[in-house]
Amino acid sequence: MQIKKLLLAIVTALTILMIPQKISALDDGAYLIGRSTSYVNPLTGSTEDGGTNIALGDSMIGNIVENQLLLEQVNGKYYITIGLGLASNISNVRFKIMNSSGNFSNVNATKTGSSSANGDTVNHYRIQVSSLNVYISPIMYVTPMGRDVQFFIKPNASSVTVGTGVYNSQMIPSNSQNSEQTNSTSASSNSNSNKSTDSQANSNNDSQNEQDVNTNHTTVGTLTAESLMENATGLSSYVIDENGKVDQKKKLTVKNLKNANSHVSSTDNQSNFPLIIGGVIVAVVIVIAGGFFYVKKIKK
């Protein structure tokens, strides 16, 4: 009887150990998590890209996707990094998320690194998910097939181990002291970098100023009066008449300037004529008076 109880206890213990235990909560950190893949939509049983060879699709996907994903939990948020191999044969990789209701939504992916498998490159893509109970649906262009291929990856929350494997973790260090030291070092580095940048900028400005000064001494073409006066404002563009007033009927042209100068010269000559006549008369009177006195003196 005791032997039967002992055997029953052993079987029960082994059964418990063999049944995967779902982890209900994780601490913030980096973990390797299992995955399952499917070429067809798990909710509809049909392919999303129109492919009909499901067995070939499942085989190809199983070889492309890394056996383990990187799970990073940061402040309750989940980030999953997926390794997709045969990179030399695929391009234009993007991702969708499908929830349990079958609704799709686009999600941005960041390439975080790469590794090697099956003689080819495995590129790593990091996305954010709302929970681990979602289907990740990569879409990629497969060159040998000449079309896009879409499939599904399901994280296995019951298979989680601490570690990063072939992936590069993008998590922020949890040690606040190290964080502060890193920030201090970064700030100091940025300060020195800024000083160096400012110094280089000032040097470049001085060099540019010297270049500008040198440029000012170069010949840039022939300047004309018209070009110099093209944008001038507030200046009179009319001839000044003989009364010293602006004659708005006469534009400031060469012809009008010559006429104005001729008129001024003529006016000046007319105004000086009486003075000239008066001068001549005075000279004649002096000559006559001098001759008269000279004759009178001789007679004496």
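Bear in mind these aren't lab numbers, they're just calculated from the coordinates by the rules spelled out. All values derive from a computational prediction rather than experimental measurement. Reconstructed Cβ throughout: ideal geometry from the backbone, glycine too, with neighbour counts over all protein chains shown.
Observations on the model:
- Residue count for the range 22-52 satisfying the condition of being of a type outside the set (Val, Ile, Thr) and either in contact with a His (Cβ under 6 Å, 6 or more places away or on another chain) or not in a strand (DSSP E or B) (or both): 16.
- Among the residues listed as Asn75, Asn133, Asn108, the single one being over 19 Å from Val160 (Cα atoms) and polar (S, T, N, Q): Asn108
- Restricting the range 111-131 to residues that are part of a strand (DSSP E or B) and without any contact (Cβ under 8 Å) to a residue 24 or more places away in the chain, the residue that is nearest to Asn67 (Cα to Cα): Ser116
- The residues in the range 24-57 that are loosely packed, with under 14 Cβ neighbours inside 10 Å, closer than 26 Å to Gly163 by Cβ and under 40 Å from the mean Cα position of the chain (by Cα) can be counted, and the count is 2.
- Filtering the range 58-70 to residues that are within 23 Å of Thr164 (Cβ to Cβ) and loosely packed, with under 14 Cβ neighbours inside 10 Å leaves Asn63, Asn67.
- Scan of the range 37-75 for residues that are of a type in the set (Gly, Ala, Ser) and free of Cβ contacts under 8 Å to residues at least 24 places away in the same chain, ordered by number: Gly45, Ser46, Gly50, Ala55, Ser59
- Selection count where residues are surrounded by fewer than 16 Cβ atoms within 10 Å (Cβ to Cβ) and in contact (Cβ under 8 Å) with a residue 12 or more places away in the chain, scope the range 87-110: 11
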